[in-house]
Amino acid sequence: MIKVFNIHGGVHPAENKHQSTGEAIGTIPLPSEIILPLNQHIGAPAQAIVSVGQTVLKGEKIADAEGVFSATVHASTSGTVAAIEDRPIPHTSGMKAPCIVITPDNTDTWATLSPCENFDELEHHVLVSKIREAGIAGMGGAGFPTAVKLNPRADNKIDTLILNGTECEPYITADDMLMRERASDIIAGAQLLAILLDNPATLLIGIEDNKPEAIAAMRKAATGTKITIVVFPTKYPSGGEKQLIEILTGKQVPSGGIPAQIGIVVQNVGTAVAAYRAVRFGEPLISRVTTVVGESLQSQRNIDVLLGTPVEHILEAHGWQQEQCPRLIIGGPMMGFTLLAPRAPVIKTTNCILAPSLSEMPSQPPAQPCIRCGMCEQACPASLLPQQLFWYAQSENFDQLREHNLFDCIECGACSFVCPSNIPLVQYYRASKSEIKNLDAEKANSDRARLRFEARQARMAQADAEKEAKRVARKAAAEKAKKMQAQKAAAGEVPKDIVSEAVATAKTSAQEIDPAKESAKLERAVSSAESRVARAEKSIAEAISEGTDNARIESLQARLKQAQQKAAEAKVKLDTFTQQQTSVDKSAKTIANKMAASPRAQLEKTITTLEKRITTAQEKIIEAKTNHSPTLGALEQGVTKLTEKLAANQKELSALIENTPPDTSADSRAATDAVPAKNAASAAIERAKAKAAAQAAMSPEEKIREQLKSLEARVAKATLKLQKAEEENDEHIDAFRSALEKLKIKLAATHAAIKEGTV
């Protein structure tokens with residue numbers, strides 16, 4: 001015999017349960033449309049995985065859970081997805097939310113299910129996965145995802161499982177009729193939940209003593225099991241989770257805590273049945289038992305109704321006389337809420353549709369000032385101070401509301417029920433809770449923004465400090481070098497050339513970043529990423545061969561995809577680095593070769609190249625004229641520029657030859673006389689060859705200066721030409737811009753060659 005305990009407070013409202021228990025659980029015809037909200041539970045809404053126009057089968061998953069605190073949604077009948085849009089849902093605010101609308105095909109064709117006869121042989125994670133995939137959520141309260149409750153933290157050892165069959169709210173008899181007609185399924189569900197919780201020592205099913213038929217059916221079904229049926233006196237709200245725990249065990253859940261912290265898990269009897277059918281028969285949660293009651297209805301009973309059925313359709317099937325019904329209530333008269341839109345659908349937590357007449361449930365009298373009688377405190381089952389909470393809620397003193405444990409309030413309505421001043425206390429508490437949650441969310445967002453700002457400020461300050469430290473170091477190094485130069489000059493030593501110093505500095509800097517080391521580092525990254533890919537592929541193969549569940553395989557496949565992506569990124573980095581090094585080395589080598597030649601040799605080579613380019617361009621012009629090509633104008637413009645460039649280089653070469661002292665040796669004169677003069681440019685070239693000795697004697701540093709000076713002059717000249725073209729809106733502006741970019745690249749490559757120490 002289990003000892004039962006009493007709870008603080010509680011009230012005894014009129015039960016009104018006989019109206020809906022005269023008939024067995026029934027059904028109603030299919031509606032013209034099924035409306036399935038994506039959020040029928042506490043937590044994140046599910047994400048639709050179907051599209052408009054798609055055909056779905058009964059029991060087919062149409063929305064996937066988004067995160068841990070979420071639940072999947074399944075089609076409750078076969079048909080076509082007509083819309084995915086915002087529709088009214090059963091909510092205290094009358095809000096709209098995303099819903100999947102299905103037009104039934106009236107065949108009620110099931111999808112393929114996966115039954116399991118010996119579920120006690122399955123591993124824990126497989127059972128939890130089946131319940132999660134079935135979309136099971138608490139069917140007697142706020143819709144907490146069942147799979148989460150069945151996965152308590154490792155440090156919360158569960159020693160007691162309680163099934164809640166109390167159903168203390170007036171009018172509601174859904175659990176009562178479920179226990180009468182499906183007691184064996186409830187017991188099977190309790191045994192399944194016990195397996196998932198590692199077989200706790202104590203299994204209890206709590207039922208109030210006003211349900212004799214249900215008690216008898218449950219005791220008969222529990223015969224031969226370790227499950228104990230505990231009957232206790234009727235009092236509202238003994239069906240609250242924390243209140244039921246105290247009644248059956250004498251333990252109290254700490255303020256702000258959860259039952260698992262004291263080793264207890266509580267599930268509704270309807271949730272136990274849904275979990276059992278999900279594992280044993282593979283059925284997702286697509287229907288539930290709901291009480292349809294109220295004097296404005298011609299018939300009152302409990303029905304097994306498909307989720308997504310509009311409330312209006314249910315009422316019409318029970319002879320609803322709308323003119324006699326001042327309001328509709330989802331839930332009971334104590335904790336329920338007014339339904340503003342009758343087109344809203346039944347969801348997983350809809351245990352009652354109450355359609356009272358005006359005489360059955362008259363309008364609430366106007367609230368009067370509080371007389372401080374203290375009756376609300378005596379009725380509160382959570383041992384709170386409702387009067388103080390009311391004052392603090394009125395004054396929006398949220399700090400005091402927290403201090404007085406506002407969030408321990410279960411919103412049972414017992415305080416409002418006994419209030420002689422008719423003050424709607426629960427409404428004040430709900431509004432204050434909502435406001436506090438909003439403020440907490442805003443504060444959390446503000447804190448995250450502040451942390452991001454502070455982190456950014458710290459990064460900027462660090463970067464500025466590093467820049468300043470580098471600047472100070474460069475200044476100190478420059479002053480030190482200047483001092484050393486002065487000391488050497490005073491000692492009679494010749495200071496090094498500035499260009500030589502720059503070359504030496506570039507060589508030192510180049511040594512700091514070793515291309516070989518960087519390449520080896522990138523190659524190691526590629527090898528490591530490929531190893532991870534191989535390990536992931538091996539894990540998937542082993543999981544498939546061992547018959548691991550789909551959830552585990554999907555997780556491994558996601559890990560493989562991530563490893564493949566990282567391997568691809570590592571290969572791209574390595575290829576890019578290799579190409580860059582090849583390009584830099586090639587450019588630097590080319591520039592070094594050019595700079596090693598004398599200015600005269602460079603000019604001669606440039607003139608030869610320009611002559612070849614002009615010949616090629618003229619051939620293209622002839623071809624363009626023949627084919628009437630639109631590029632003819634651009635080709636002619638290019639030839640003109642090449643001709644100008646050739647003339648400029650020939651002029652520069654002539655000037656260089658004239659300024660070079662002549663070689664009067666006999667061999668030189670003989671060689672000059674032996675060369676035939678083809679034209680003025682050829683003669684100038686031949687004369688320049690005879691006078692190249694002085695130019696060849698230039699030092700490498702002098703060659704660097706000349707090359708840099710020439711390139712900088714050409715960049716300046718090209719910049720002026722581009723500016724002029726932009727001012728005149730020249731049609732060949734793109735050609736000017738391209739020429740300038742090429743010169744800049746060449747100049748940058750020259751600097752790179754100097755830095756690498758190849759010149």
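The values are calculated or read from the model by the stated rules, or taken from the named source; none is laboratory data. As the structure is a computational prediction, the values presented were derived from the model and not from experiment. Methodologically, a virtual Cβ is constructed for each residue, glycine included, from the backbone with ideal geometry; neighbour enumeration extends over all protein chains shown.
Pairs are defined by a Cβ separation below 7 Å, a sequence spacing of at least 6 or placement on different chains, a first member in the range 567-584 that is over 30 Å from E537 (Cα atoms), and a second member that is at pLDDT below 85 and surrounded by 14 or more Cβ atoms within 10 Å (Cβ to Cβ); the pairs so defined are Q581/P515; V584/A752.
Evaluated against (1) under 41 Å from the mean Cα position of the chain (by Cα); (2) on the phi > 0 side of the Ramachandran plot, L193 falls short on exactly one condition, (2).
Across the range 272-295, the number of residues qualifying as out of contact with any Phe, Trp or Tyr (no Cβ under 6 Å at 6 or more places or on another chain) and not in a helix (DSSP H, G or I) comes to 14.
Filtering the range 206-241 down to residues that are among the charged types (D, E, K, R) and crowded, with 19+ Cβ neighbours inside 10 Å, which residue is farthest from I195 (Cα to Cα)? It comes out as K235. No other residue among T578, T548 is under 29 Å from R132 (Cβ atoms), at pLDDT below 85, surrounded by 13 or more Cβ atoms within 10 Å (Cβ to Cβ) and of a type in the set (V, I, T) apart from T548.
Of the residues T626, T608, the single one that is farther than 25 Å from D734 by Cα, among the polar types (S, T, N, Q) and at pLDDT below 75 is T626. For N151, are the conditions met, namely being at pLDDT below 95, over 26 Å from A24 (Cα atoms) and under 29 Å from the mean Cα position of the chain (by Cα)? Yes: the conditions hold for N151.
If only residues of the range 37-54 that are of a type in the set (A, V, I, L, M) and in contact (Cβ under 8 Å) with a residue 24 or more places away in the chain are counted, the one that is surrounded by the most Cβ atoms within 10 Å (Cβ to Cβ) is A46. Restricting attention to the range 582-605, the residues that are modelled with pLDDT of 65 or more and farther than 30 Å from A516 by Cβ total 7. For the range 339-359, the set of residues classified as surrounded by fewer than 17 Cβ atoms within 10 Å (Cβ to Cβ) and either in contact (Cβ under 8 Å) with a residue 60 or more places away in the chain or within 24 Å of S238 (Cβ to Cβ) (or both) consists of L340, R343, S357, S359, listed by residue number.
Could you tell me whether any residue of the range 157-179 is free of Cβ contacts under 8 Å to residues at least 24 places away in the same chain, of a type outside the set (A, V, I, L, M, F, W, C) and part of a loop (DSSP other than H, G, I, E, B)? No, the range 157-179 has no match at all. Out of the residues in the range 318-338 meeting the condition of being touching a residue at least 40 places away in the same chain (Cβ under 8 Å) and in contact with a Pro (Cβ under 7 Å, 6 or more places away or on another chain), tell me which one is nearest to G94 (Cα to Cα). Among those that are touching a residue at least 40 places away in the same chain (Cβ under 8 Å) and in contact with a Pro (Cβ under 7 Å, 6 or more places away or on another chain), it is I330. Scanning the range 68-85 for residues that are surrounded by fewer than 23 Cβ atoms within 10 Å (Cβ to Cβ) and over 17 Å from H41 (Cβ atoms) gives S78, T80, V81, A82, A83, I84, E85.
Table: residues versus (1) in a helix (DSSP H, G or I); (2) in the same structural domain as G332 (by TED's automatic domain parsing); (3) touching a residue at least 60 places away in the same chain (Cβ under 8 Å).
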site	(1), (2), (3)
Q368	no, no, no
Q378	yes, no, yes
S383	no, no, yes
Q388	yes, no, no
A393	yes, no, no
E396	no, no, no
D399	yes, no, no
I410	no, no, yes
